[in-house]
There are 2 protein chains.
Amino acid sequence: MTLSQGGQLLPSEEAATPLYVGHHDTQRDETSPSVLLAQAQEAGYDLVTLPVTNGGFQSHVLSVIEQYVTSLTRAPEAKGVPLPLLAPLAPDHTNLSPGEGTSSLVAFASPWIDVGSPDPLIAHISRQVLNLEVAYAAFCGISNIAIRGPLNHASISQYGRAVLELLGVSPYLQIHLLLPVSGELEQDISDEHTHLAELVRPQYVKGTEMDEDDPNEYNSWDVWNTIRSMCNYNSKLSIALELPRQLPPLSLQSRWFSEPVRMLSLPRTSFIRNGKGYPVLSNALQQYLSRFLRLRFAPLLLLSNVAHLSTAGDGAASQSRIMNPTPAEAATQPAGQEDRTLHLQYMRHLQQTQPLRSPIERFGQGYQDYMQSPLQPLTDNLESITYEVFEKDPIKYEWYERAIALALKDLDARFGNQRAVIVAVVGAGRGPLVTRVLQASQKTGVAVDCWAVEKNPNAYVLLQKRNRSDPLWNNQVNLAKSDMRSWSGPPGLAGRTNTVDILVSELLGSFGDNELSPECLDGVQHVLHPVHGISIPQSYSAHLTPIATPKLHADLLSRSSLDVTSDKWELPYVVMLHQYDYLAVSPETAEEQHGPDVQEAWSFAHPAPATLLVQAQKRAGGMIDAGGGVGGDGTNEHNSRSCQLRFKCDNRGFCHGLAGYFETVLYHSSSTGQKVELSTNPVTMAEKSKDMISWFPIFFPFRTPLYVPDGAELEVSMWRQTDDRKVWYEWMAEVHEEANGKRRGLGMSELHTSRKNGCLM
Amino acid sequence: MTLSQGGQLLPSEEAATPLYVGHHDTQRDETSPSVLLAQAQEAGYDLVTLPVTNGGFQSHVLSVIEQYVTSLTRAPEAKGVPLPLLAPLAPDHTNLSPGEGTSSLVAFASPWIDVGSPDPLIAHISRQVLNLEVAYAAFCGISNIAIRGPLNHASISQYGRAVLELLGVSPYLQIHLLLPVSGELEQDISDEHTHLAELVRPQYVKGTEMDEDDPNEYNSWDVWNTIRSMCNYNSKLSIALELPRQLPPLSLQSRWFSEPVRMLSLPRTSFIRNGKGYPVLSNALQQYLSRFLRLRFAPLLLLSNVAHLSTAGDGAASQSRIMNPTPAEAATQPAGQEDRTLHLQYMRHLQQTQPLRSPIERFGQGYQDYMQSPLQPLTDNLESITYEVFEKDPIKYEWYERAIALALKDLDARFGNQRAVIVAVVGAGRGPLVTRVLQASQKTGVAVDCWAVEKNPNAYVLLQKRNRSDPLWNNQVNLAKSDMRSWSGPPGLAGRTNTVDILVSELLGSFGDNELSPECLDGVQHVLHPVHGISIPQSYSAHLTPIATPKLHADLLSRSSLDVTSDKWELPYVVMLHQYDYLAVSPETAEEQHGPDVQEAWSFAHPAPATLLVQAQKRAGGMIDAGGGVGGDGTNEHNSRSCQLRFKCDNRGFCHGLAGYFETVLYHSSSTGQKVELSTNPVTMAEKSKDMISWFPIFFPFRTPLYVPDGAELEVSMWRQTDDRKVWYEWMAEVHEEANGKRRGLGMSELHTSRKNGCLM
């Protein structure tokens, strides 16, 4: 097991679910790191925690403060006495030294300081303690340090500013803010660490309560949100999240899941005892933990105060090796001596019994939250490996075959079994849909005259090879090397061209129309029979929902822009969304499911009405029609779309962008009523095309995260824009709120446009 | 009179208050532009308005719609009929042609369209009309076109998107959105223009009411705010603001004043009749107009529907040349025939009787809203012209002399008239303060031993010349060429140095300490007498208030960043704020004054406590004190500051940044209680140092404007940060709101820092 320098875990190749478990003891003090490491490793832990400074240092700090306060009392001109300064750490103030084991050590800053204190003396001393400890830990080669979240909610900005300073200390040090899921840290039950304010100026303690804010489950998240915003989503700042026995609602669980949690702390009190008296986690906690363990880089896990590591000094005390057991624990403790590593053994058991991953999780391994630019298959020629990835899908081509079979039967009935059905696969690639057409023909017994049209000269080589070598193809597939828009159709009798009965295409992108399926299918429609011609897909729609995704926002922030004219915020990304949270939960899904409110933006149907294409063609020439009323450019205007959607957001949060999906009806048989659909929409995917892996969602980012208060409404405006050469998207959002029957604005994003990164037609 | 291509007026040099008055007639239709221009010029107008298209075009558009609706009724498959297209303008659809007079023409787009209509047909046709008209006007060389603000508040985003498209039409066309101050446009009283929706689909008319939003005085501003945000503060988009007879509260007047109003429309109904029956403006309107006329580029003024221009066809109708007089107007109309140009004559009268400008307005002419980087006098050597500008101030040096005189008298009394007072002017520049010291000495009769210390070798040449030539100086001033921080002080007896009794300096910047006065004065304090030594100034404080300033925001948006490492949003600017609005109004100032809530950020006092400087010096060496507790760097930490200020904002708006000011106590005589102060704080300036011109305010920008709803609170956190080499500022703001006794967050800015642009020590 190793930790990378950035503090991220390198997943080991053999273990399905890597899990690094550390031992944390808030009373640890005088032990040397090497002894500690040996003990931890012997007990089976991967990591062990260590405070940077010891009790001697705390006493020293207190004496400095005491001297200062005394000098104030003595000196009449109190204002002239400067605030006290701390000297660098003395050798006996810390047990830490640089050494080989530092990668298995997680350092802890002193929990008794209060950096955001309203008392200038306490804040000044606390900042110095924190700076000394973090700098020394970094010097010693520690790569992970945990610091306690702010005690005082009124001065988050002072606390946040101090954290920002720490981030500059070392490029290799990951700083973990120890935060509760909500409310207060459970660790405070171990009251051995009195806070500086209580030690020095009891009169201030009262003022440090959260007396100002709405006591709300999201308060701890609010604190995090403010601090990380001040630190501009710095990747060196993450969360050590303390998991309580009783988890908050799913919505808040999801919120934390979307944040950079790099450490999970499980205090002893978060365990329950099973029937046999062994410590276990509740089902809810197990599930939440599993969710984190499926992350590409799972958080470190700290077992806090579960048992002392040391075996030294055991004897009389050995009867009770778990620390300060509650009466319930004492009562349910297994007879005789409890094994000190029961909690750890249980975690290892959980690790080995993690649920299997779904096909898309397995397929997407490594792609989680990795942003790619959408394909431009119309202007670029794809490589074979890209086709190969597409062809792996276990669902998509099966569904295409079902749709083709339905259409063949419908047309065969219409033709009275009199002739073969002419099917053209346009954009055939390496031919997977051609195979499906031939299989559907075999299975239904409907004869086909099959065409494959492909513009990519490289893929066309493969199509020809396959026509010769594939026994199913058997040289019966008619191949045409052409952009589908300029294909003249299958040759018929006497030099005339036949029309096609079924056009089969797979041109859909993550947002449905974003790879120009509408434009391509309009362009090939001239070969389709004007009355009974069928397009597979028949229709498709784009869907979206607002999301919080700090991970993607941070990723974009850290990227340099594509080039001088392009802007990384002004284009959508294809991404397997993983560590994110839905801001709008569907009123139709039950609260405990936390299902998103995904709404339809717009849709397209094929074939397009003939009158529409006639008008479009006239516009391409820029001529005025004799009948008046037609002229100018705008030949593709009929494929422009816009929508205005309103999303109710129950819980406050920052909206970092819009997640986009699509649904498509491949074929809907009007005779049988059967319908074959594909969907990446998380609401309908399981029902319509479970386990389909071909498409990841699309993500439309906002440059500036948009704050949405509890219960406010996010109004999303989106456009599919087009001129005669390009297609692009524009998106923006406004925040509104109903209060006392009045609707009022609370903010808006800028208007984003991908015009400069648009898809060329 | 000419209009520049950007649509801005070039101020004529002779006229104190340039005012360009145009004639607008909403019923104008069939006149040719050249006739119109001749008539307008004859009547004394500078400008005249013209609709781009005429009634013939409107009829044509209606017939296109009619045809479409008919075809829909006939065609069974209604979905297949594409929305109708408009052909380019026909010759008889417009009276406009390219020509020489276009710079004096203001074009008007058709007011009967509804670009944001929820009806797709009306929206589609309206967009085409607007695009045709704007493109044709641009083609003809028109540089100003007015378009009516949106009819429909529910679809502002569609309207805004259409406007954004127009901004791309021509680089020379200024687009003015015609908007009311609040509520509805007065022009609608002339009901000759029925809206498209009413003409075509009466069922939609009801839906276009503002039925959703809170009916509020700020609604019209909201509309503007949304549209210009969508258009990203594009400088080609501005406002044609219609001024009603009854103005809204000062707060809303100020808000509009802060926006890019490039045209003011005064409808006939906004005039009142004076005792003699002549049309005049109310006092409130006159004052508001004056405010606009003091802008660097005053808006164009349109008199709307006040009288027909044409004299043709007069005769029977000539009895009533003002248009459709109300009964009151008819009754008060002067006997006989009213002069058609009474309104214009009145405007010319107003123009000639504009109030005089204040000294700072005259001095700052040309500097209004012009952002400069703050001076770095410590690292750069100033040029003579910069000193000259500083020395022009009518107040500052007078006040310095008063302060010096008071201090001289106090010290003289302390010394019992026994010896000359040693005064050192540190950073003497070209010597203005030296002169004041000598004058104060003459006037008080207190003898001085005067020193002038200057590091700038160029200014030092002038000091030496002046010592020889100026009769007051008379070679009695002791000159020292030195950075004040390394000056060893006046030589005393037996090779020892004397201490200085009074240190006089003028090191304050727009934010008080931003030009490193604290660091400089700390650095020279070693020459000051430790017991009775006086620093002039004795203390100073920084003050700030949040402001809305779309003009500066737009200016920054349009700038390229300073260089790769610097960021234009990460530094403060010195700027003579003019077109801006205070977001927080002081609870202490009366509502009708709309006075800002300016709060103190922090302060400095000199001389600093000796113990502080001792500690600071020890830290510079990074050594540990034998007594423990002192060490490390941070020699200037005692000059770091921070504040957290809360500003209540009554009226919603975007906060674009913080305006900063300073106040200073030059000298406060403890014996007489007399106090000499300077202030640029708008709340106290008039009382403390009226007409002082030396300092413009400072402006700390926010990259992303922060929305503040009605009644919300802006919490500003600010820091003066320092390391051992630099001083810089950091600033951020959070929005909070009290509702139902709970305080909740509504948004926050990023944390801005000028670290990379900090002042070198």
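Select, from A:S143, A:S103, the only residue that is open to solvent by 20 Å² or more (accessible area, probe 1.4 Å) and more than 30 Å from A:Q67 (Cα to Cα). That would be A:S103, the only listed residue that is open to solvent by 20 Å² or more (accessible area, probe 1.4 Å) and more than 30 Å from A:Q67 (Cα to Cα). Only one of the numbered conditions (1) touching a residue at least 24 places away in the same chain (Cβ under 8 Å); (2) surrounded by 15 or more Cβ atoms within 10 Å (Cβ to Cβ) is violated by B:P88, and that is (2). B:S110 meets each of the listed conditions (1) within 14 Å of chain A (Cβ to nearest Cβ); (2) in contact (Cβ under 8 Å) with a residue 12 or more places away in the chain; (3) not aromatic (F, W, Y) apart from (1). On the given criteria, is B:G116 closer than 18 Å to B:H195 by Cβ, within 14 Å of chain A (Cβ to nearest Cβ) and not charged (D, E, K, R)? In short, yes. What residue, among those in segment A:521-535 that are touching a helix residue (DSSP H, G or I) at 6+ places or on another chain (Cβ under 6 Å) and aliphatic (A, V, I, L, M), is least open to solvent (accessible area, probe 1.4 Å)? Of everything passing the filter in segment A:521-535, A:V524 is least open to solvent (accessible area, probe 1.4 Å).
Among all positions in segment B:441-451, there is at least one residue which is in contact with a helix residue (DSSP H, G or I) (Cβ under 8 Å, 6 or more places away or on another chain) and under 18 Å from B:R430 (Cα atoms).
A Cβ distance below 8 Å, combined with a sequence gap of six or more or placement on separate chains, defines the contacts here; from segment A:44-59, residues that are over 15 Å from A:A109 (Cα atoms) reach residues that are open to solvent by 30 Å² or more (accessible area, probe 1.4 Å) and polar (S, T, N, Q) in the pairs A:G44/A:Q345. Only a single item in (1) in contact (Cβ under 8 Å) with a residue 40 or more places away in the chain; (2) more than 30 Å from A:Y346 (Cα to Cα) is not met by A:L36, and it is number (2).
Say whether the condition of being modelled with pLDDT under 90, outside any loop (DSSP other than H, G, I, E, B) and within 13 Å of A:S694 (Cα to Cα) is met by at least one residue in segment A:350-360. Scanning segment A:350-360, I find at least one residue that is modelled with pLDDT under 90, outside any loop (DSSP other than H, G, I, E, B) and within 13 Å of A:S694 (Cα to Cα), so the answer is yes.
Output the residues belonging to segment A:713-724 that are more than 9 Å from chain B (Cβ to nearest Cβ) and either among the aliphatic types (A, V, I, L, M) or open to solvent by less than 10 Å² (accessible area, probe 1.4 Å) (or both). Matches in segment A:713-724: A:L714, A:V716, A:M718, A:R720. Within segment B:26-45, the set of residues being touching a helix residue (DSSP H, G or I) at 6+ places or on another chain (Cβ under 7 Å) and open to solvent by 40 Å² or more (accessible area, probe 1.4 Å) comprises B:D29, B:S34. Residues in segment B:241-259: is at least one assigned to a helix (DSSP H, G or I) and either farther than 23 Å from B:H578 by Cβ or among the acidic types (D, E) (or both)? Among the residues of segment B:241-259, not one is assigned to a helix (DSSP H, G or I) and either farther than 23 Å from B:H578 by Cβ or among the acidic types (D, E) (or both), which makes the answer no.
So is A:G745 within 14 Å of chain B (Cβ to nearest Cβ), free of Cβ contacts under 8 Å to residues at least 24 places away in the same chain and touching a Phe, Trp or Tyr at 6+ places or on another chain (Cβ under 8 Å) or not? Spell out how you get there, then give the answer.
On the way: within 14 Å of chain B (Cβ to nearest Cβ): yes; free of Cβ contacts under 8 Å to residues at least 24 places away in the same chain: yes; touching a Phe, Trp or Tyr at 6+ places or on another chain (Cβ under 8 Å): yes.
The answer is yes for A:G745.
Can you pull out the residues in segment B:163-184 that are among the polar types (S, T, N, Q) and at pLDDT below 95? Listed by number, the residues that qualify are B:S170, B:S182.
When residues in segment B:732-742 are screened for being open to solvent by 30 Å² or more (accessible area, probe 1.4 Å) and either polar (S, T, N, Q) or more than 7 Å from chain A (Cβ to nearest Cβ) (or both), 4 of them pass.
Listed here are the residues, each with its yes/no results for (1) closer than 26 Å to A:C655 by Cα; (2) away from every other protein chain (no Cβ under 14 Å).
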| site | (1), (2) |
| --- | --- |
| A:I227 | yes, no |
| A:C231 | yes, no |
| A:E242 | yes, yes |
| A:Q246 | no, yes |
| A:P260 | yes, yes |
| A:L289 | yes, yes |
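Scanning segment B:591-634 for residues that are more than 14 Å from chain A (Cβ to nearest Cβ), at pLDDT below 85 and open to solvent by less than 40 Å² (accessible area, probe 1.4 Å) gives a single hit, B:H594. The set of residues in segment B:276-307 that are small (G, A, S), at pLDDT below 95 and part of a loop (DSSP other than H, G, I, E, B) comprises B:G277, B:A298. Looking across B:P171, B:P111, one residue alone is open to solvent by 10 Å² or more (accessible area, probe 1.4 Å), more than 31 Å from the chain's Cα centre (by Cα) and under 28 Å from A:E730 (Cβ atoms). It is B:P111.
Figure legend. Inter-residue proximity from segment A:706-730: first residues closer than 30 Å to A:E515 by Cβ and part of a strand (DSSP E or B), second residues open to solvent by 10 Å² or more (accessible area, probe 1.4 Å) and β-branched (V, I, T), beta-carbon distance below 6 Å, spacing 6+ or different chains. Indicated pairs: A:E730/A:T753.
Within the group B:Q538, B:Q476, B:Q464, B:Q442, which residue is among the polar types (S, T, N, Q), open to solvent by 20 Å² or more (accessible area, probe 1.4 Å) and closer than 30 Å to B:F700 by Cα? I'd like the intermediate steps shown before the answer.
Values: B:Q476 fails: closer than 30 Å to B:F700 by Cα; B:Q464 fails: closer than 30 Å to B:F700 by Cα; B:Q442 fails: closer than 30 Å to B:F700 by Cα.
Just one listed residue meets the conditions, B:Q538.
The values are calculated or read from the model by the stated rules, or taken from the named source; none is laboratory data. These figures come from a predicted structure and were not determined experimentally. Here Cβ is always computed from backbone atoms with ideal geometry, including for glycine, and neighbour counts include all displayed protein chains. Protein only, heavy atoms only, side chains kept; ligands, DNA and RNA dropped before computing areas. Shrake-Rupley method; radii C 1.70, N 1.55, O 1.52, S 1.80 Å.
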